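Okay, so here's the structure we're looking at.
The values are calculated or read from the model by the stated rules, or taken from the named source; none is laboratory data. None of the values given here were measured: they were computed from a predicted structure. Note that we place each Cβ from the backbone using ideal geometry, even for glycine, and neighbour counts take in every protein chain shown. When the accessible area is computed, the model is the full protein with side chains, heavy atoms only, and any ligands, DNA or RNA have been set aside. Shrake-Rupley method; radii C 1.70, N 1.55, O 1.52, S 1.80 Å.
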Amino acid sequence: MPLAGFVQPRIEPEVVLKLGTAPPASDDPLALMAAVEWIAPGFEIVQSVFPDWRFAAADCTAASGLHAALLVGTPLAVTAANQADLVSRLPSFELTLARDGAGVDRGVGSNVLGGPLNALAHLVRVLAGQPRFAPLASGEIVTTGTITDAWPVKRDETWQSHYGSLGVEGLRLRFT
């Protein structure tokens, strides 16, 4: 992936969800997972126009956020047979992040609001409280938040993620 045009880019490993149906306004992880068509590993590339990434929430909003790019790996279909297993693994799976073959960081699914499905439930609630925004619908892609810290990236680095017991294949990304 070329880094040209990005400002102070960083990498965030995430769990990405594709919705098969509109998710319910519920905290029940099985009910939320029933709305998910697939899960996949992802790398979100974030950037900041603020020197040394020092800013307040209002600054970030004024700059239209931090998102620069999203790379999504091979999806794992959510089926009736694997739903309950995935629900049990999402909060506790361990993710490892490496740069040029050396470990950089570790995180667990619960780092994201207690688990990626909790992040989905939170998003559903926030959108429900904002009448000018449509609720989530079938076909939408949801990134659930970074499992580790966001790490600065540079040209000629190769980053790799491993999603441990979650059962999805991690990503490998080289920056140019």
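Consider segment 137-154. How many of its residues are surrounded by 12 or more Cβ atoms within 10 Å (Cβ to Cβ) and outside any strand (DSSP E or B)?
7
Name the pairs: first residue in segment 86-99 and without any contact (Cβ under 8 Å) to a residue 40 or more places away in the chain, second residue of a type in the set (Gly, Ala, Ser) and part of a helix (DSSP H, G or I), Cβ to Cβ under 8 Å, at least 6 apart or on different chains?
Within 8 Å, the pairs are PRO91/GLY109; PRO91/SER110.
What number goes with the only condition from (1) in a strand (DSSP E or B); (2) over 14 Å from the mean Cα position of the chain (by Cα); (3) surrounded by 20 or more Cβ atoms within 10 Å (Cβ to Cβ) that LEU86 does not pass?
(1)
Given the options ALA137, ALA128, ALA119, name the one that is under 21 Å from PRO29 (Cβ atoms) and modelled with pLDDT under 95. Steps first, answer last, please.
Values: ALA137 fails: modelled with pLDDT under 95; ALA119 fails: modelled with pLDDT under 95.
On inspection, the qualifying residue turns out to be ALA128.
In contact (Cβ under 8 Å) with a residue 12 or more places away in the chain, under 18 Å from the mean Cα position of the chain (by Cα) and within 13 Å of ILE11 (Cβ to Cβ), is that true of ILE147? Let's see the steps before the verdict.
Numbers: in contact (Cβ under 8 Å) with a residue 12 or more places away in the chain: yes; under 18 Å from the mean Cα position of the chain (by Cα): yes; within 13 Å of ILE11 (Cβ to Cβ): yes.
Yes.
Out of ALA4, ALA34, ALA58, which single residue is over 20 Å from THR146 (Cα atoms), modelled with pLDDT of 95 or more and open to solvent by 20 Å² or more (accessible area, probe 1.4 Å)? I'd like the intermediate steps shown before the answer.
Details: ALA4 fails: modelled with pLDDT of 95 or more; ALA58 fails: modelled with pLDDT of 95 or more.
ALA34 is the lone residue from the list that is over 20 Å from THR146 (Cα atoms), modelled with pLDDT of 95 or more and open to solvent by 20 Å² or more (accessible area, probe 1.4 Å).
Against the definition (in contact with a Cys (Cβ under 7 Å, 6 or more places away or on another chain), surrounded by 12 or more Cβ atoms within 10 Å (Cβ to Cβ) and free of Cβ contacts under 8 Å to residues at least 40 places away in the same chain), how does LEU66 come out, yes or no? Full working, then the answer.
Working: in contact with a Cys (Cβ under 7 Å, 6 or more places away or on another chain): yes; surrounded by 12 or more Cβ atoms within 10 Å (Cβ to Cβ): yes; free of Cβ contacts under 8 Å to residues at least 40 places away in the same chain: yes.
When the stated conditions are applied, LEU66 passes them.
I'd like to verify a number: residues in segment 155-175 that are part of a strand (DSSP E or B) and acidic (Asp, Glu), how many?
Quick first cut of segment 155-175, residues part of a strand (DSSP E or B) only: 158-162, 172-174.
Add one more test, that the residue is acidic (Asp, Glu), and what stays is none.
Total satisfying the criteria: 0.
Residues checked against (1) part of a strand (DSSP E or B); (2) over 12 Å from the mean Cα position of the chain (by Cα); (3) among the acidic types (Asp, Glu):
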position: GLU14; (1), (2), (3): yes, no, yes
position: THR21; (1), (2), (3): no, yes, no
position: SER26; (1), (2), (3): no, yes, no
position: ALA31; (1), (2), (3): no, yes, no
position: TRP38; (1), (2), (3): yes, yes, no
position: PRO41; (1), (2), (3): yes, no, no
position: ASP52; (1), (2), (3): no, yes, yes
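Being buried (at least 16 other Cβ atoms within 10 Å of the Cβ) and assigned to a loop (DSSP other than H, G, I, E, B), is that true of even one residue in segment 102-112?
Yes, segment 102-112 contains at least one residue that is buried (at least 16 other Cβ atoms within 10 Å of the Cβ) and assigned to a loop (DSSP other than H, G, I, E, B).
Somewhere in segment 114-127, is a residue open to solvent by 60 Å² or more (accessible area, probe 1.4 Å), aliphatic (A, V, I, L, M) and under 19 Å from THR143 (Cβ atoms)?
Taking segment 114-127 and keeping what is open to solvent by 60 Å² or more (accessible area, probe 1.4 Å), we get 118, 122, 125-126.
Now narrow it down to the ones that are aliphatic (A, V, I, L, M): 126.
Then drop every residue that is not under 19 Å from THR143 (Cβ atoms), which leaves 126.
Yes, some residue in segment 114-127 is open to solvent by 60 Å² or more (accessible area, probe 1.4 Å), aliphatic (A, V, I, L, M) and under 19 Å from THR143 (Cβ atoms).
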